[in-house]
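Before any comments, here is the structure.
The values are calculated or read from the model by the stated rules, or taken from the named source; none is laboratory data. The model shown is predicted, which means the values in this text are computed figures rather than measured ones. Positions of Cβ are backbone-derived with ideal geometry, glycine not excepted, and every protein chain shown enters the neighbour counts. Surface accessibility is based on the protein's heavy atoms, side chains included, excluding ligands, DNA and RNA. Shrake-Rupley method; radii C 1.70, N 1.55, O 1.52, S 1.80 Å.
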Amino acid sequence: MTTLLLSVDYEDWHQLVRRRVGASNWREAGPALARQTDAVLALLDDLHARATFFVLGMAARAHPELLERIVAAGHEIGCHGDAHLPVHTQTPQEFAADLRAAKSTIEQLTGRTPVGYRAPAFSITAASENWAYRVLAEEGFVYDASRHDSPALRDRAVPATAGPHRLELDGAGGLWEFPVAVWRVENARLPVGGASYWQVLPTPLVLKGLNEAGPLAGLYLHPNELDPEPLHALLPADATAAQRAHARLREAQRNGARRRAPGVLKAIAQRFELIPYGDAHARLDSSA
């Protein structure tokens, strides 16, 4: 049975969508992350699967009581940064500060130090990878899960190989890289590792693509994609008509994934072994 790596980018959808549309209440904690967390943990328990939760610092501070449930269920805690800012828009110093803020929050709330990282929106680009990976290593991370060879990502940092591989960084040690699952057909690329793609791909095609992606390819979900209830941005009274229209578009996009993700993940779990990233890193690093 082929093994895949399962992860959850743990963030508060309400905070992010409100910031995206420019709403004045974007810093407020959303009302849905608790029920989404319950849904995620219940589904993973049913599948007898553990995952890596790449935790966003600002979401953790808004919902400090939720991380305890994740840790108690036996899942790995990774880092998703602090403010969900694209890596390539930051300086190396700003990126390091963002990592430290997130790690500090995670350590305070869980007692654990994350050693794995995923960039928001896979935003370590070809232009920023030379310094971004060095900063990660200097800040104590031992693996990264940010490379996604998806045509939807501009200036993406294309993995040297489809499978896990070690990045040798002069003067900063090494860093393991775990790319997201992508089905390569000649010169074409079909992303099959994320729920946003599962909503438009037939399940048999997703399963075939994951089989072709190879062992230890990465899967990722967001809590909102497993929400049992419809998503609503809940904008403040002062929101403009343009902001409300933009929010409705974002709601429609996320609700499409929400309806499909649980069933697709169940089908994947029947065909593949699912493990956290940290387990894969321990296997590979010890063998290396």
Enumeration of residues in segment 1-19 that are more than 17 Å from N255 (Cα to Cα) and part of a helix (DSSP H, G or I): R19
Kindly indicate which of A239, A245 is free of Cβ contacts under 8 Å to residues at least 12 places away in the same chain and closer than 30 Å to S24 by Cα. A245
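For segment 1-10, which positions are crowded, with 17+ Cβ neighbours inside 10 Å and not small (G, A, S)? Before you say what the answer is, go through the steps one by one.
Let us first name the residues in segment 1-10 that are crowded, with 17+ Cβ neighbours inside 10 Å, namely 4-10.
Those that are crowded, with 17+ Cβ neighbours inside 10 Å and not small (G, A, S): L4, L5, L6, V8, D9, Y10.
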Considering only segment 11-54, how many residues are within 16 Å of the chain's Cα centre (by Cα), of a type in the set (F, W, Y) and open to solvent by 10 Å² or more (accessible area, probe 1.4 Å)? 1
Looking only at segment 109-146, which residues are open to solvent by 10 Å² or more (accessible area, probe 1.4 Å), of a type in the set (S, T, N, Q) and modelled with pLDDT of 95 or more? T110, T113
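If a residue must be part of a loop (DSSP other than H, G, I, E, B) and either touching a Gly at 6+ places or on another chain (Cβ under 9 Å) or of a type in the set (G, A, S) (or both), how many such residues does segment 64-80 contain?
Looking only at segment 64-80, we keep the residues that are part of a loop (DSSP other than H, G, I, E, B), and these are 64-66, 73-75, 80.
This time we only want the ones that are either touching a Gly at 6+ places or on another chain (Cβ under 9 Å) or of a type in the set (G, A, S) (or both), so: 73-74, 80.
Adding up the residues that qualify gives 3.
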